[in-house]
Amino acid sequence: MLSTTDSPALTGTAFTVEWVPRLASFGRAGALVSRHGAGRVMRCAAAARAGLLLAAIPLLTAGQARTGVVTTATVMALAALVGVLSQFSYLAAETAGAAASRRAERPHRVQSVLLAIDQGAMLAGPAAGGILLQQTGPGGLLAVVAVMSAAAAATAPGARAAPVGVPGSAPDHRPSPSATGSRPAARAGWATLRSLPALAWLVAGLAVSNLATGTVQAAAPVIVVTNLGRSSASVGAVWSLAAAATLLVVAGSRPAIDRWGLWRVGGAAATAASLACLAVAAVAQTRHFPAFMILIAVLMAAETGMTVVLRTARSQLIPPDAFAPTLAATIVVLLLPFPLAGVLVACTPPDALGQVLTGLAVAQAAALAAAFTKVRAALTPRAVAAASG
């Protein structure tokens with residue numbers, strides 16, 4: 001967007017628009033997973049995504065031959081629809097992963113492996129997509145992704161699989177009462193989140209942190225191109241380095257949590273994220289592009305460390321029979337700052353981004369400190385009761 005329009009405001013606006021359909025889909029996704037099970041939702045979403053991609057191929061190839069209007073409309077609609085279907089798959093996968101964590105002796109190890117899969121896909125996916133787009137065009141790219149989606153649909157548990165998160169469920173399960181409709185399930189999810197103060201504080205603190213991180217992500221093209229004087233290609237290099245750093249953190253989080261504990265590692269990650277965000281704000285107006293790259297990598301790696309803590313905590317704290325709608329509620333809270341970050345970047349002149357990021361970094365540090373303090377205090381009675389029992 002920045003390279004074609006040269007508009008920082010439109011760049012921030014595009015970042016906002018990207019998130020709207022995704023956020024709108026989580027409530028319905030949580031209800032469907034509770035009602036039909038994670039395996040069935042995963043299978044249906046992947047199959048629908050494959051069919052949608054295959055249907056778009058002739059429209060895109062024909063549109064390129066005739067006019068750019070058809071191509072533009074198809075790409076925008078495809079992005080929104082595929083994004084929604086991907087969120088259904090994501091929620092189903094997270095629900096299944098939480099069930100695996102509850103059965104594991106060391107749940108953080110399961111969550112770190114799942115996160116490594118996510119981060120590995122984020123590192124390899126854009127690179128593979130760029131190569132396919134260059135070598136085969138949009139038709140070849142969409143065909144390959146459609147095949148992968150079809151493979152996901154074929155390998156996911158089918159309709160007879162027991163739903164994850166419903167106690168005592170069998171292949172011929174009955175849905176839980178809270179899952180009979182999207183609105184009751186959504187209300188049950190929010191009610192469960194409010195009833196878990198430890199999780200609520202953690203989610204609130206990470207939401208504020210996501211506003212700072214999301215603003216950095218939305219502003220990165222503007223900072224790199226406008227403030228640091230680099231090319232648009234340099235933005236991709238920034239995120240490639242960040243993705244590599246997150247993989248290292250995921251690999252190191254397992255032995256670190258085994259040795260120092262979940263909350264000490266989470267506190268260290270929160271401290272690193274706050275300091276890195278402050279430093280990013282300081283170099284946003286300079287010409288030190290290598291320093292900016294390194295700081296972004298540190299920031300995203302620290303965010304990944306906190307994500308391991310969050311995923312482990314919610315897999316242990318959320319009751320299994322309410323997991324999917326409660327997970328949907330936590331995801332909405334955590335992702336809502338991203339479109340807000342896009343609006344913030346759209347309304348901020350490029351030369352003022354440093355000051356905005358500084359203020360957000362201070363808010364991030366305060367929110368994370370309060371969140372981790374409250375979480376440890378909320379969990380202490382639980383630990384004492386468990387020990388005395």
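A short reminder: the numbers here are calculations on the coordinates, not readings from a lab. None of these values were measured; they are calculated from a predicted model. All Cβ positions, even for glycine, are placed from backbone atoms using ideal geometry, and neighbour counts span all protein chains on display.
In segment 186-284, the ratio of gyration radius to Kirkwood radius, Rg to Rh, stands at 1.06 when only Cα atoms are counted. Quick one: if the Förster radius is 25 Å, what FRET efficiency do His288 and Ser231 give, using the C-beta to C-beta distance and rounding to 0.05? The calculated FRET efficiency here is 0.95.
A simple spin-label model places the labels of Leu248 and Met76 4.1 nm from each other, with each point 7 Å out along Cα-to-Cβ. Modelled spin labels at Trp260 and Arg194, positioned 7 Å past Cα toward Cβ, are 3.7 nm from each other.
Taking a point 7 Å out from the Cα of Ile117 in the direction of its Cβ, the residues of segment 140-158 whose backbone N falls within less than 16 Å of it are 148-158.
Just subtract the alpha-carbon distance of Arg376 and Leu54 from 0.36 nm times their residue separation and send over the number in nm, one decimal.
Details: separation 322, 0.36 × 322 = 115.92 nm, distance 4.93 nm.
Using 0.36 nm per residue and subtracting the Cα-Cα distance, I get 111.0 nm.
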